[in-house]
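The values are calculated or read from the model by the stated rules, or taken from the named source; none is laboratory data. A quick note: this is a predicted structure, and the numbers were derived from the prediction, not measured. We place every Cβ from the backbone using ideal geometry, glycine too, and count neighbours over all the protein chains shown. Note: accessible area is taken over every heavy atom of the protein model, side chains too, but ligands, DNA and RNA are not part of it. Shrake-Rupley method; radii C 1.70, N 1.55, O 1.52, S 1.80 Å.
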Amino acid sequence: RHFRQTLETFRPDVVWVIPHGWSIPPLARVLPAAGVPFHVSVHDYPDVRGQVARLGSIRCQRLAEWVDQLHARAASRDAICQAMVEDLRARTGAAGTVNRAGLEPEDLTYLAARVAQPPGPIRIAYPGTIIVEEEFAFFVRTLAEIRAQLPRPVTLEFFGGHSYRSRLWFDPAWMNEHGNLATAELLAALRNCTWGFVPMGLADDDPRYNQFSLPTKFVSYLQAGLPVIALGHPQSSVMRAIRGFRLGVSRTDGDADGWRQDLLAALLRPDPRAEFGPDLLRCAQSDFNAPEMRQALWENFKKQKTES
């Protein structure tokens with residue numbers, strides 16, 4: 001009722017919705033019959049494993065069906081990665097574009113400048129929530145095994161509202177928690193790091209997350225000019241995003257010996273920013289260009305206003 005009244009009061013030209021969680025039922029019930037053109041942006045599916053654990057499988061299935069209906073009925077639509085665009089089109093028959101967090105011109109200028117590697121320890125950044133904790137613990141164990149072989153100390157730098165000090169793998173001797181930082185502060189802190197770590201599920205047992213949700217931390221690493229340490233299933237969204245680019249080190253299996261060798265070789269590189277910087281810039285320009293994505297979104301809005 002509140003949503004219907006809001007539409008009647010403001011009479012918008014276009015409604016832009018990002019269906020998520022408990023916003024989905026009122027959006028699905030009101031928008032198709034509201035007589036207002038709407039644009040749908042799908043960032044995450046509502047039936048990922050974590051949501052099913054909280055809300056139940058039957059409810060999450062219903063929410064997912066409503067998202068598909070919104071996607072099909074929208075005047076225009078986008079999703080967070082190409083795999084999700086294709087997946088939605090296969091079910092709904094409705095085409096869309098990719099729209100997600102991206103880099104602004106000043107960020108691209110920063111990448112092009114090839115800022116020198118910061119001095120001091122090898123700082124590996126991790127902002128946000130740990131979704132695949134088994135893979136994260138595997139990475140920490142491997143890192144702990146090779147620390148003594150490196151010429152500089154290694155630290156893990158955590159950013160975000162979650163604390164992991166209670167975990168068995170957490171070692172305060174070389175891990176630091178910084179809490180939530182404002183956007184500008186976080187970017188400055190990331191640019192003082194050496195690498196960014198992004199894990200996805202190796203077993204792909206949560207495919208609705210693993211294959212279709214793209215962690216924003218990956219975009220943050222591009223923005224900060226950080227080479228990437230990536231671990232995940234070959235069909236995970238992150239592994240798809242880095243194909244065709246040389247952005248750092250990645251593995252798609254849990255081979256401890258192979259991972260140990262690759263990680264050691266990566267962390268022994270004297271200046272990974274100089275080595276991987278050209279492809280970080282190329283990836284940002286081609287796949288994460290914020291002005292281009294924003295313009296495409298705006299063109300959809302203008303088209304809907306004209307047609308309405």
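Arranged from highest to lowest average of other beta-carbon atoms within 10 Å per residue, in what order do the peptides 210-221, 40-51, 265-276 appear?
210-221, 40-51, 265-276
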_Helix 272-287 axis, angle to the chain major axis (alpha carbon atoms, nearest 10°)_ = 10 degrees
*asked:* To make sure I understand the rule: partners must be aspartates and glutamates, Cα under 17 Å from the Cα of LYS302, and not fewer than 8 residues away in the same chain. Which ones qualify?
replied: ASP13, ASP78, GLU292
*Give the residues of the range 120-138 whose amide nitrogen is closer than 19 Å to a point set 7 Å from the Cα of PHE170 in the direction of its Cβ.*
124-138
*asked:* Tell me the carbon and sulfur percent of the accessible area for the range 171-308, rounded to whole percent, probe radius 1.4 Å.
replied: 50 percent
*For an R0 of 45 angstrom, estimate the FRET efficiency from the Cβ-Cβ distance between ARG246 and GLU8 and round to the nearest 0.05.*
0.25
_Fluctuation leader among PRO207, PRO32, PRO119 - the chain, Gaussian network, Cα springs under 10 angstrom_ = PRO119
*Would you kindly derive the ³J(HN,Hα) couplings of the range 211-226 from the backbone phi angles with the Karplus curve 6.51 cos²θ - 1.76 cosθ + 1.60 (θ = phi - 60°), listing them in order in whole Hz, with x for Gly and Pro?*
8, 10, 9, 9, x, 5, 4, 4, 5, 4, 5, 4, 4, 8, x, 8
*Farthest toward the dipole's positive end in the chain, which of ILE130, HIS178, VAL98, given Cβ charges of +1 (Lys, Arg) and -1 (Asp, Glu) about the Cα centre?*
VAL98
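With runs of 4+ DSSP H residues as the only contributors, calculate the mean residue ellipticity of the chain at 222 nm using -39,500 (n - 2.57) per run, divided by the residue total and rounded to the nearest 500. Don't jump to the answer; show the numbers that get you there.
On the way: 14 runs with 147 residues, N = 308.
Helix-only estimate at 222 nm: -14000 deg cm²/dmol.
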*Using r as the Cβ-Cβ distance of LEU268 and VAL115, and R0 as 22 Å, what FRET efficiency do you calculate, to the nearest 0.05?*
0.60
*Specify whether the C-alpha gyration tensor of the range 120-211 places it in the rounded, prolate or oblate class, a ≥ b ≥ c being the square roots of the eigenvalues: rounded for a/c under 1.5, otherwise prolate if a/b is larger than b/c and oblate if not.*
oblate
*Report, in degrees rounded to the nearest 10, the 0 to 90 angle that the Cα long axis of helix 290-307 makes with the longest principal axis of the chain.*
0 degrees
_the range 126-182: trypsin sites (Lys or Arg not before Pro) in DSSP coil with no more than 15 other Cβ atoms inside 10 Å_ = ARG165, ARG167
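Sort 281-294, 224-237 by the packing proxy (mean of other Cβ within 10 Å over each peptide's residues), most packed first.
Packing proxy ranking, top to bottom: 224-237, 281-294.
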*Putting +1 on Lys and Arg Cβ atoms and -1 on Asp and Glu Cβ atoms, find which of ASN300, LEU281, TRP259 reaches farthest to the positive end of the dipole of the range 198-308.*
ASN300
*ILE122's amide H: which non-local residues (gap 5+, or another chain) put their own amide H closer than 5 Å, with H modeled 1.01 Å from N in plane and none for Pro or chain starts?*
VAL154, THR155
